[in-house]
Structure formats: structure tokens, C-alpha cells
Amino acid sequence: MPFYENSVRNLLLSQNEEKCVYSPVNLYLCMATLTEMTDGKTKQQLMDALGQKDTEEIREQSQAIWKSVYTDHLLSECILGKSIWLNESVPFQKEVLEMLAEHYYAETYQGLMGKEMGQRIQEWVNDMTKNILEQEAKSIQTDVARTVFVLMSTAYFYDQWVELFSSSYTKRDTFKNADGKEVECEFMNRTEGRGIYQTKRFQSTWLEFEGGSNMFLFLPKRGVSLEEVLIREESGLSVK
């Protein structure tokens, strides 16, 4: 939780109001994997950032995260992927790669870095995410001389709402951005007796998925900035 809270706060506040999609699970698992491939000060900095004391804790936490998130059912999926792409000119320890496969479920590939390797990584990403990130994957490249290895982590999520939105209630309206600019978009609408969490800075509610996951929605109060919303609140929470 400390890693989740700190990373979300730091990343969102560094975006300068740009749109951002962030997966704490993917970043945690990548950094956890790197602790097995580094040593000394670098490894200690990674462990401090993860909020873990030793390697065994990191391994246990990584497996717990993976097993709690991974879902592969008919109506809901959350498929995680992890892979390491090694430059064939760089020596590696087989024992480390076996350990990464055992504790972090990481696939290992090796070859000549360059255009062909970049295309192989793109294909892997597209396969793991069912081509949803096809345009983004095209930017993945490797350099023959400078790329030592590439560490990839993906997450594909698909689910259905427990209570569906009726398309007949969807209407176009004007949405005002944080900078005051107005854009026209489609508004989904649904009325229900769900609880609302309310503080002095924001309101929050959630939507349920068939697979048991939830989507939480946060609405800042008028005049409240993102920085103020992300301040940890110890008291003053009410439920309606």
C-alpha cells in the first residue's frame, strides 16, 4: 500500500494536467524483478521504493499480487505478462533467469538487438494485450550497440458491468476540463441507490464488475485541485 499510494501521488502530480494511465501492478512487478538483477546501492534503492526489507519479502509479495489479480474466465479476464529480452552479446546467469521464471513468471528471450528484435517485442505485446496497444507497440525499438536488455510488463483487462448502462440514456453534452476548456462528448447515465463516500475535498463511488473487481470514481469538489484530492485524509470521511 505505501508503494501504491506514493507512486500514484507522485506520478499523477508530475503529469502537468496531461492525461495519464498508470498500472501500479506493472511497475511494482518490474521493479521487483530488477531487485533480482542488481546489487549494492541500486538494489537497496529499489527495495526502499517498494517498501520491502528483503528479497524473500519481495518474492512473496510479487506472487501474492500476481495471484490476486490474474483472472481468466469466460466473462472476465485480467491477464498479466512479463518478459525479458536479452542482447545475445551480453553474458547472463542461467540461475537468475530460472529464478525470475519461478517467482515472477517471466519469459526469457535472447537475440540480436535491432529492428528484428523490436518487432518481436511488438508482437509479444500485441499478443498479450490482444492488439489493443498496437499503435503504442509500434514505438518499441532496440539498438544493436546500446540495448543490453528490455524488461516488459503487460496487463490486459476485460470485464462486464454487474448492472449494465442502457444506451438509451447515453446523450451528448458539454464537459469542462480542469483548464476551463469545453469539449463535447457522450455521457453515460445510470441512477441507483449506491453509497457515496464524501469528504471535504471529493465525492467517490464505485461500479461493480462481474468478475468481482470494482471501478472507483472520484469527483473533486468545486475549486479543489488534484494535489488537494491526493492529500491523505485521516478523518472526516462520511458515507451516505
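Remarks
- Pairing residues of region 60-77 that are of a type in the set (A, V, I, L, M, F, W, C) with residues that are in a loop (DSSP other than H, G, I, E, B), at Cβ distances under 6 Å and at least 6 apart in sequence or on separate chains, gives LEU75/GLN160; LEU75/GLU210.
- Applying the set (1) surrounded by fewer than 13 Cβ atoms within 10 Å (Cβ to Cβ); (2) aliphatic (A, V, I, L, M); (3) assigned to a strand (DSSP E or B) to LEU164 leaves exactly one unmet item: (3).
- Any hit, region 170-182, residues being touching a helix residue (DSSP H, G or I) at 6+ places or on another chain (Cβ under 7 Å) and in contact (Cβ under 8 Å) with a residue 12 or more places away in the chain: no
- Looking across region 208-224, the residues that are out of contact with any Lys or Arg (no Cβ under 8 Å at 6 or more places or on another chain) and surrounded by 13 or more Cβ atoms within 10 Å (Cβ to Cβ) come down to GLU208, PHE209, GLU210, GLY211, SER213, PHE218, LEU219.
- Lone unmet requirement of (1) at pLDDT below 95; (2) surrounded by fewer than 17 Cβ atoms within 10 Å (Cβ to Cβ); (3) not in a loop (DSSP other than H, G, I, E, B) for LYS41: (1)
- Entirely in region 59-152, the helices (runs of 4 or more DSSP H) that have 3 or more residues that are surrounded by fewer than 17 Cβ atoms within 10 Å (Cβ to Cβ) and more than 19 Å from the chain's Cα centre (by Cα): 94-104, 115-128
- Residues satisfying the stated conditions in region 8-26, i.e. within 8 Å of the chain's Cα centre (by Cα) and surrounded by 13 or more Cβ atoms within 10 Å (Cβ to Cβ): SER23, PRO24, VAL25, ASN26
- Just one of (1) assigned to a loop (DSSP other than H, G, I, E, B); (2) among the acidic types (Asp, Glu); (3) touching a residue at least 24 places away in the same chain (Cβ under 8 Å) fails for GLU5. It is (1).
- Residue pairs whose Cβ atoms lie under 7 Å apart, sitting 6 or more positions apart in sequence or on different chains, and linking a residue in region 102-119 that is assigned by TED's automatic domain parsing to the domain that holds VAL144 and at negative phi to a partner that is surrounded by fewer than 17 Cβ atoms within 10 Å (Cβ to Cβ) and of a type in the set (S, T, N, Q), are HIS103/GLN63; GLY118/GLN141.
- Search result, residues across region 175-202 that are under 18 Å from PRO220 (Cα atoms) and of a type in the set (Ser, Thr, Tyr): TYR197, THR199
- So TYR28, is it outside the structural domain of VAL224 (by TED's automatic domain parsing), assigned to a helix (DSSP H, G or I) and not aliphatic (A, V, I, L, M): yes
The values are calculated or read from the model by the stated rules, or taken from the named source; none is laboratory data. Everything numeric here is computed off the predicted structure, so don't read it as measured data. We place every Cβ from the backbone using ideal geometry, glycine too, and count neighbours over all the protein chains shown.
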